[in-house]
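The values are calculated or read from the model by the stated rules, or taken from the named source; none is laboratory data. Every value quoted in this text rests on a predicted model; they were computed, and no experiment measured them. With ideal geometry, Cβ positions are generated from the backbone for all residues, glycine too; neighbour counts draw on all protein chains shown. When the accessible area is computed, the model is the full protein with side chains, heavy atoms only, and any ligands, DNA or RNA have been set aside. Shrake-Rupley method; radii C 1.70, N 1.55, O 1.52, S 1.80 Å.
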Amino acid sequence: MDFALNEEQRMFRSMFRDFAAKEIAPHAEDIDQEETLPPAILQKAVEQGFLGATLPEAYFGAELDGVGYAMLVEELAASCVSFAVMLATHVSEVAMSILGYGTDAQKEEWLTSMAAGEVVGAFALTEPDAGSDALALQTRAAADGDEVVLDGVKTWVANASIAGLFLVFAQGPDGMDAFLVPGDAPGLTVGYREPTLGLRSANFHTVYLEDCRVPAANQLGRPGGGWEIARQAQSRMAAALAAAGLGVAADSVQVAARFASERVQFGVPIAQKQAIQGYIADAMIEVEALRYLVYRAGWLTDQGGDFAVDASMAKSFSARVASRVTNSMLQVLGGYGYMEDYPMARKYRDARALGIIGGPTEVHKVHIARQAFAEWDVEIVP
Ligand SMILES: Cc1cc2nc3c(=O)[nH]c(=O)nc-3n(C[C@H](O)[C@H](O)[C@H](O)COP(=O)(O)OP(=O)(O)OC[C@H]3O[C@@H](n4cnc5c(N)ncnc54)[C@H](O)[C@@H]3O)c2cc1C
């Protein structure tokens, strides 16, 4: 077993780190306060090929492997979790679903422009009365000649205000269906921006589908195959969000350690106080333990097998570590940690989302428990 990153991975990591430090970190506080993601920052990421991170070169993607992609999301989240969530939604949930289930025509139509950042993807599964229980969704898909008519309301749609393509899940005659709905489709309206505790520069909106018409050819996958597409997308998203948790937790330790080295109380830097050392050491242990789960989940996404449980484990642990570590690192900064002028308050608010977004921890644990009880043939359902 080799725990070392290879030369290419080390090179990518330093490239991602430099990009995030130079292009995102200096703006992270401003874009959080302004609750917006400026197109100029997005354009810089496009120029690096990040919006086609895991897509094949045939679609002008960067063809990163699972570990490389995890490192990209980790480094972006170290500077700005909102930005990492925007990217993971676009890549892990939408682009990779099209790559996995799209027809040649659908791949041609969307993937190159998604890699080029001309089209940003949004994932529209959740509804007001269908959250954890996504199978209970009420959006309807009805055939009308060579068109499909969609009616329903989607909530919490990340990227909605900048999206050129929505992957919409709806109830059809054969079960759950998935549709590729262009942002300018008649009958699609981007509504309310959900006010949130954190992730404020990400765009979460309610999306209304009222007599929304798309060509029947925009169906992704087979009729009734929407749930399989949604579940796979959510497993990829879980692996990516786990990496985001690693990034925000690891960077919080850096911020707190630097602060503790400089902040003098009782005549010495507080880093010399054992209580502070304990906070930092505990955080480092958790971050390094998380790192292996995250990279392993990333590696598994390339191996062709089912990685859903491993992604759920990485994401559940990541949500816990990111919340706990940002909380304890905020404590190290004392009153300064609680001030919005310092980055720790934002990191703490952002990290809290990771236990909910991409499916709450309680539901991921049900998937994990199902594996634990499989050999005893016990039925485990959410
Ligand atoms: C910041 C953010 C971004 C999001 N982005 C998107 C997006 O881009 N696209 C999208 O479609 N959705 C998105 N979501 C929605 C997200 O997937 C849902 O919030 C999530 O699935 C939970 O649904 P809910 O909020 O309705 O909570 P509920 O399902 O109502 O759950 C409430 C509580 O009950 C618990 N619970 C529910 N069922 C069970 C059970 N069987 N066993 C034990 N506990 C249970 C939950 O774990 C939770 O703690 C986003 C959410 C957030 C917060």
Please go through region 320-369 and give me each residue that is within 20 Å of the chain's Cα centre (by Cα) and not in a helix (DSSP H, G or I), ordered by number. ILE356, ILE357, GLY358, GLY359, PRO360
Going by the conditions given, is ALA243 at pLDDT 95 or above, hydrophobic (A, V, I, L, M, F, W, C) and in the same structural domain as ARG346 (by TED's automatic domain parsing)? yes
Among what's in region 320-378 and is buried (at least 21 other Cβ atoms within 10 Å of the Cβ) and charged (D, E, K, R), pick the residue that is nearest to the ligand (Cβ to nearest atom). ASP350
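Name the single residue, out of those in region 112-130 being polar (S, T, N, Q) and out of contact with any strand residue (DSSP E or B) (no Cβ under 7 Å at 6 or more places or on another chain), that is least open to solvent (accessible area, probe 1.4 Å).
Going through the qualifying residues, I end up with SER113.
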I want to confirm something. Restricting to region 175-211 and keeping residues that are in a loop (DSSP other than H, G, I, E, B) and open to solvent by 40 Å² or more (accessible area, probe 1.4 Å), which single residue is farthest from the ligand (Cβ to nearest atom)? PRO186
Residues in region 235-251: is at least one out of contact with any strand residue (DSSP E or B) (no Cβ under 7 Å at 6 or more places or on another chain) and without any contact (Cβ under 8 Å) to a residue 12 or more places away in the chain? no
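Specify the residue that is farthest from the ligand (Cβ to nearest atom); the eligible residues are those in region 146-174 that are among the charged types (D, E, K, R) and assigned to a strand (DSSP E or B).
For region 146-174, the residue satisfying everything is GLU147.
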